[in-house]
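Read the structure below first, then the notes.
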Amino acid sequence: MDSTLRDGEQTAGVSFNPKEKESIAFALYDAGIRRIEMASACASDQDFDAVKNTTSSLEDTGCKNVVECLSFILRPHIDWITDAGAACANLLVKSSTDHIAQLKGKNPDDHIQDVLEITDYAKENNLCVNAYLEHFSYGIQHSKEYVYKLIENLSKAKIHRIMLADTMGLFSPQQTKEHIQALTQKYPKVHFDIHAHNDYGLATANTLAGIKYGCQGAHVTVNGIGERAGNASLETVAVSLRDFFGIETIDENKLMTLSKLTKTLSGAKIEANHPIVGKNSHIHKAGVHTHGALKGLYTNPLLEKNRFNKRVSYDLGKLSGKASVFVELEKMGVKNPDPEIVAQLVTEIKILSEKKNIITTNDLLLLYLQKTNKDTSGYRLKKVDMRKIYTNTQTSTQAEVTLKIKGVSSTIKAVGDGGFDAIANAIKKITGANLKLKDYHVSIPPGDGTSSLVDTAIDWQHNKKTLKTRGIHTDQDIAATYAMLKAINQINVLKRFEKSNTKK
Ligand SMILES: [Zn+2]
């Protein structure tokens, strides 16, 4: 099961809008993943829309039972999941008596009873029910008797899957083996999943140990995004399962697209030395090693660069027009691409190819998503004009920026110390946004050397919160502008949600 859109979204500063969640869900589906955890129940109206749109689009293609949601032991959560059309409720169950003691007025037996009751209720709603044993790694070491009693009850209640969560990343592979082997031997008919976190850098190793000793499912996130040191990563788990155990899980040719898409939409960076999908993971540098690599020594033929489709993308300048851009976007999971945006893209691609800039198919989805903001009903960039102002003592830049929101355009001029500074000042005047730039990184998107796009990753400070956003464009200032608008739109969505919650 992939949990990029639920557990991955727990990464500090990361938040996906519905369109982004849908795109990642489709990319996961396209790569062959058939269990996608998309949200926590009742988290936001935006998540509700994302789950609802994805499940209905998947059903149109004849596919049911793909989307799962996390649920507390609360009836409104089950109702939310049912109304959103998801197939599975993943109940969050306490697996240690210490944690139950924090629940007011509940003892372990009460908690088990509550879980069984909510299971019945979810089944009445025709949901498939899985149970997350939250803090399983702690519980099995401190309240073993209770954990076994809980599992006994869950298996009798015919819970579909029991999901063993190493929530704080406490286990070593040896401990994972010891506890999971004991459970799978005692309950051979129960389907167990392993859910590993990477606090010791052991998430992939623990996941492999879980599978080797009887788990039938593994939880992952793309690029390993997640709270603290993150989760087991889709790419390392899928590739290791294939190479070490001969288990095929996904279409490896889709890994780079998934990784890049998630990186761009989450804003979370991938280190260059990240296995499989990192920029440097297939580059040899040290003299002797390179020499050997050229002769075919020292290389791992199983992890050959070409295996992961790191280069397969082609020049979009060759596409004839709207129809081909439509088809390319649909291939990448965009349902009914917006004709207005497609027309803009076609014009831009033509202008760029006349300037001998190459935009590849890999870049198309990122460019498209960046232009769609309708789900957040947020600000969209319409136009930027810049000119230098020279005086006797200094040079500055003036930007005239036009933004559109809900069909209304506003244009404002501002001056700044350089292009982006001027644009940012104009945007602040239009939107009234109060946000500070904390960290700014510029790079060329990984995966294809032909790209003429610039990828700008910015960390922002808004009140006490940090946000990470990215923008992509051939011009660095415009890329940063997209990143800024994304941050402002996210903050506004959050404000609206908090307001509607306080009203309730
Ligand atoms: Zn987790």
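Readers should treat all values here as calculations from the given coordinates under stated rules, not as data from a laboratory. None of the values given here were measured: they were computed from a predicted structure. Positions of Cβ are generated from backbone atoms using ideal geometry, with glycine treated the same way; all protein chains shown enter the neighbour counts.
Among ASP338, ASP7, which comes first, second and so on when ranked by fewest other beta-carbon atoms within 10 Å?
Ranked by crowding around the Cβ, least crowded first: ASP338, ASP7.
Could you tell me whether the stretch 376-503 comes out rounded, prolate or oblate from its Cα gyration tensor? Rule is a ≥ b ≥ c as square roots of the eigenvalues, rounded for a/c under 1.5, then prolate if a/b exceeds b/c, otherwise oblate.
The shape class here is oblate.
Taking the alpha-carbon set of the stretch 85-138, what are its Rg and Dmax in Å?
Cα only, the stretch 85-138: 12.1, 35 Å (Rg, Dmax).
Based on DSSP, what percent of beta bridges with both residues in the chain are antiparallel, to the nearest 5?
Here the antiparallel bridges make up roughly 55 percent for the chain.
Using each residue's phi in the stretch 37-46, evaluate 6.51 cos²θ - 1.76 cosθ + 1.60 at θ = phi - 60° and report the 3J(HN,Hα) Karplus result to the nearest Hz, with x for Gly and Pro.
8, 9, 6, 9, 4, 6, 6, 6, 5, 4
Pop out the ³J(HN,Hα) list for the stretch 12-17 in order, Karplus 6.51 cos²θ - 1.76 cosθ + 1.60 with θ = phi - 60°, rounded to Hz; leave Gly and Pro as x.
Values per residue, Gly and Pro as x: 4, x, 9, 8, 9, 8 Hz.
Name the trypsin sites (Lys or Arg not before Pro) in the stretch 50-102 that are in a loop by DSSP and that have at most 13 other C-beta atoms within 10 Å, would you?
LYS64
For the chain, what does the helix formula give at 222 nm: sum of -39500 (n - 2.57) over DSSP H segments with n ≥ 4, over the residue count, nearest 500 deg cm²/dmol?
That comes out to -13500 deg cm²/dmol.
At a 10 Å Cβ-Cβ cut-off, how would you order CYS42, CYS69, CYS215, CYS128, fewest neighbours first?
CYS128, CYS42, CYS215, CYS69
For the chain, restrict the atom set to alpha-carbon positions and state the Rg and Dmax in Å.
Calculated on Cα positions, Rg and Dmax stand at 24.4, 83 Å.
Using the Karplus curve 6.51 cos²θ - 1.76 cosθ + 1.60 with θ = phi - 60°, work out ³J(HN,Hα) for each residue of the stretch 167-176 in order, rounded to whole Hz, and write x for Gly and Pro.
Karplus-based 3J(HN,Hα) across the stretch 167-176 equals 4, 9, x, 8, 6, 9, x, 5, 5, 4 Hz.
For the stretch 145-168 and the stretch 1-42, what is the separation of their C-alpha centers, rounded to whole Å?
25 Å
Determine the alpha carbon to alpha carbon distance for each of LYS322/LYS350; LYS269/LYS465; LYS465/LYS499; LYS269/LYS388 and list only those over 21 Å.
LYS269/LYS388
Go ahead and run the numbers for FRET between ASN125 and LYS428, Cβ-Cβ distance against an R0 of 60 Å, rounding to 0.05.
0.80
Which cysteines in the chain lack any other cysteine whose Cβ sits under 4.7 Å from their own Cβ?
CYS42, CYS63, CYS69, CYS215
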